[in-house]
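Enquirer: Supplied in structure tokens, the structure appears directly below.
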Amino acid sequence: MSKLVGQESSFKGTINKTHEDSEPWFEIPEHPGEDAPNIVLVLLDDTGFAQLGCYGSSIDTKNIDSLAGGGLQFTNFHVTPLCSPTRASLLTGRSQHAVGMRSVSNFKTGFPNMLGHITNKAATIAEILNSKGYATFCLGKWHLAPMEDCSAAGPFNQWPLGRGFDRFYGFLEGETDQFNPSLTKDNHHVNPPAKPEDGYHLSEDLVDNFFSMVSDLKGVRPDRPFFAYIPFGATHAPHQAPQEYLDKYRGKFDQGWDITREQWYQNQLELGIIPEGTQLAPRNPGVEAWEDLPDVQKELAARLQEAFAAFLDHTDDQIGRIVDGLRELGQLDNTVFILLSDNGASQEGGPFGVMHEMKFFNAILETPEEAIQRIDDIGGPHSHTNYPWGWAQAGNSPFKWYKQNTHEGGVHVPLVIHWPEGIDKSQNGQLRNQFINVADIAPTIFDLLGITPPSLFKGIEQLPVTGHSFAHLLNEPEAKSKNQVQYFENAGSRAIIADNWKAVTRHVQGADYAEEPWELYDLSLDWSECDNLADKNQSKLTELQHLWWEEADKHGVLPLDDRMFELFGQRFRDQSPHPSDRRYVYKPPMSPIPGQAAASISGRSFDITARVSCASDDNGVLFAYGTENSGISFFVLNNRLVIDYNAFDDHSIIESDRTLPNGEVELKAEFRRLGKNGTIELFINDKPSGMIEIPFYMRMITSGSASIGFDHGSPVSQLYDDLFSFTGKLHELEIQLVAREPRDLAEVQQRAENARQ
């Protein structure tokens, strides 16, 4: 019988005139097998080598410690110095540069090593396992899609569901408020299910949703294993935790970072986490001796460390919930549970620490005397804290430097693997000291599952998986690592490890790459990079420098690029979602818009115009950007147009000097940057209606979202609560970025002076 038009060519039965003389055929879906293990991959953020209890810390991480005690603890595990690159390498088994993620996904540079997403030439673990019959879940921080594509407009092809995950619940940005997060479920924005006053915290919500996904799967298809990638927001800033956890650590770090670091270092030696003879690196430049600090600085620094410890402790308890829940479901024994950090402890809190991390990105050095005024807010919803350098270095003990640096403090982090059915009980609690890199995890998972990564995936030729499986190390403690050469690079800082030798240089932005000094260390004797052998062994240094360039060429590292904040300007390139005339027009209803997809108002002069229909009793937000800790809100209250310019809890508020007429009305505000300060002038139907001077004009406002017709998340202004949705009719909201001032600068300054008087 001839084949009918339109029938699948893959059909393997026979078709005749009736079903009695035809032969049916049913396609058998891919299935990994009855004994295939689940994979749970938990990723911590900005967690240093020494910050877990089983790695020497005094912070209570009993659940992670228990996983290590019932599994394996790796002491020589390395990552990239930054979050997105580590995640890209983790999920693909390739070099971060090769897959297009040399820096955070906020940037595109026009070069293959910085696409803002993982190239489709590198299928993720989720894509490959899903094609083999695994259910795939992602819960937590993504930060692997171009942020300009992360609004409800998409495109969605680089969101989790576009890269192999069946389900997603979490946040797409690099960070979010833990009490008032920006949340995405699958491919759409959702609001948190509760408020902080109701006891809400994001880490708990992630675990709740994890079990909802697992129950949905196992209740209907108990035969299907799952791959769950759970990248918590912890312990990236903001350091936020429930009050009982904050109370638990009150006073626990009053002895300071020098004593704490020494204690953790001694614990590491006793536990065998670091080799005998390893030195404790000297304090990094900018880290003062604790005993020399003023009391106010000590009090602030100790409280900021308490918030970090509380955040980590609380996260550990959520990890304990995952373990307990899997045990109750009968899934724990055959689950490969992998826990790691994406880079070392963060240096973004500066020398003193910050009440609001965005101050770091605004080059504001908040003094302890200023920050201490709000000390009781630390760790709660009304804070966005990060700790000072001294505590970050303690977290990276025994190493020097931090996240962003290619020295060990930035790239040497914890790794724990627990798998009762795959790791012999005789190995439980053992250490593995072999060199391992983050790119080695994906090929190890494939090895354990008997999967060969495809050379062609969905019609796209694939890059080779360049990581090295270490599956053999799980039950062979004396075996050698297959990874013998590993390069590192971030924003121009470079390093290479080969056969226990390490060459490294710390790049300073703008400096001549060729002139910067390299350091040389024998890691077999000097894990903490204390004895620089560059002058004593120039031939070895030269050999490693040449090797670094060879590896850089092999893995697509070039061109070297030390740009960071400047790259935000790339959003106005051709084919960008941002309009070339820099005019944005929004018509509600709209979902919250992530900052990099929204109008680029940070640090710029701009006009905002709302065309509304309203009555005298209508109120509400027309436009809001940010959170209660920093942001801008443009709203109507008591028949007046109001702007609250919240510069890190310093509120500049202007109210129109005339009431709003009933009916259709045009409401406008002109924001003008005048160096470090600026002005805001209001207009009602083109009539000037008030002006104020802003003492500090924020160049980076928030990591939060923009809202049209309401205020998503924690309210920017203290003059209203919750969403404060506009009760009139918002026809259109327009934002026009201003390249040049429409008036003479002197005139603007004079008008500001008149307004102040």
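Enquirer: What residue, of ASP324, ASP333, is of a type in the set (Asp, Glu), part of a helix (DSSP H, G or I) and either surrounded by fewer than 24 Cβ atoms within 10 Å (Cβ to Cβ) or outside the structural domain of LYS403 (by TED's automatic domain parsing) (or both)?
Expert: Just a single option satisfies the conditions, and that option is ASP324.
Enquirer: Shifting gears a bit: Any chance the range 320-343 includes a residue that's free of Cβ contacts under 8 Å to residues at least 12 places away in the same chain, on the phi < 0 side of the Ramachandran plot and basic (Lys, Arg)?
Expert: Looking for residues that are free of Cβ contacts under 8 Å to residues at least 12 places away in the same chain, on the phi < 0 side of the Ramachandran plot and basic (Lys, Arg), one finds at least one in the range 320-343, hence yes.
Enquirer: Then there is this: I'd like to verify a number: residues in the range 676-705 that are touching a Ser or Thr at 6+ places or on another chain (Cβ under 9 Å), part of a strand (DSSP E or B), in contact (Cβ under 8 Å) with a residue 60 or more places away in the chain and not charged (D, E, K, R), how many?
Expert: 5
Enquirer: Cβ-Cβ under 7 Å, sequence separation 6+ or interchain: first residue in the range 273-289 and within 27 Å of SER524 (Cβ to Cβ), partner among the hydroxyl-bearing types (Ser, Thr, Tyr) and crowded, with 19+ Cβ neighbours inside 10 Å. Which pairs?
Expert: Within 7 Å, the pairs are ILE273/TYR55; ILE273/THR75; THR278/SER528; GLN279/SER528; LEU280/TYR265; LEU280/SER397; LEU280/SER528; ALA281/SER528.
Enquirer: Picking from ILE59, ILE118, which residue would you name as being assigned to a loop (DSSP other than H, G, I, E, B), in the same structural domain as ASP45 (by TED's automatic domain parsing) and over 30 Å from TRP391 (Cβ atoms)?
Expert: Of ILE59, ILE118, the one residue that is assigned to a loop (DSSP other than H, G, I, E, B), in the same structural domain as ASP45 (by TED's automatic domain parsing) and over 30 Å from TRP391 (Cβ atoms) is ILE118.
Enquirer: Given the criteria at pLDDT 95 or above, of a type in the set (Asp, Glu) and on the phi < 0 side of the Ramachandran plot, does ASP186 qualify?
Expert: The answer is no for ASP186.
Enquirer: Could we say that GLY140 is modelled with pLDDT of 95 or more and not in a loop (DSSP other than H, G, I, E, B) here?
Expert: yes
Enquirer: So is ALA281 in contact with a Ser or Thr (Cβ under 7 Å, 6 or more places away or on another chain), hydrophobic (A, V, I, L, M, F, W, C) and in a loop (DSSP other than H, G, I, E, B) or not?
Expert: yes
Enquirer: Given the conditions (1) in a strand (DSSP E or B); (2) loosely packed, with under 15 Cβ neighbours inside 10 Å, report the number of the one that GLU30 does not fulfil.
Expert: Against the list (1) in a strand (DSSP E or B); (2) loosely packed, with under 15 Cβ neighbours inside 10 Å, GLU30 comes up short only on (1).
Enquirer: Working only within the range 90-113, note down all residues that are surrounded by fewer than 24 Cβ atoms within 10 Å (Cβ to Cβ) and among the hydrophobic types (A, V, I, L, M, F, W, C).
Expert: Scanning the range 90-113 gives VAL104, PHE111.
Enquirer: OK, next. Can you work out which of the residues in the range 196-239 that are in contact with an Asp or Glu (Cβ under 7 Å, 6 or more places away or on another chain) and among the hydrophobic types (A, V, I, L, M, F, W, C) is nearest to ASP166 (Cα to Cα)?
Expert: PHE232
Enquirer: Which ones in the range 204-263 are more than 24 Å from LEU82 (Cβ to Cβ), of a type in the set (Ser, Thr, Tyr) and not in a helix (DSSP H, G or I)?
Expert: Of everything in the range 204-263, just one residue is more than 24 Å from LEU82 (Cβ to Cβ), of a type in the set (Ser, Thr, Tyr) and not in a helix (DSSP H, G or I), namely TYR249.
Enquirer: Which condition breaks for ALA123 when tested against (1) crowded, with 22+ Cβ neighbours inside 10 Å; (2) within 16 Å of the chain's Cα centre (by Cα); (3) in a loop (DSSP other than H, G, I, E, B)?
Expert: Only one criterion is unmet by ALA123, namely (2).
Enquirer: Among the residues of the range 582-599, is there at least one that is assigned to a loop (DSSP other than H, G, I, E, B) and in contact with a Pro (Cβ under 7 Å, 6 or more places away or on another chain)?
Expert: The answer is yes, given that some residue of the range 582-599 is assigned to a loop (DSSP other than H, G, I, E, B) and in contact with a Pro (Cβ under 7 Å, 6 or more places away or on another chain).
The values are calculated or read from the model by the stated rules, or taken from the named source; none is laboratory data. As the structure is a prediction and not an experimental result, all values here were calculated from the model. Backbone-built Cβ (ideal geometry, glycine too); neighbour counts: all protein chains shown.
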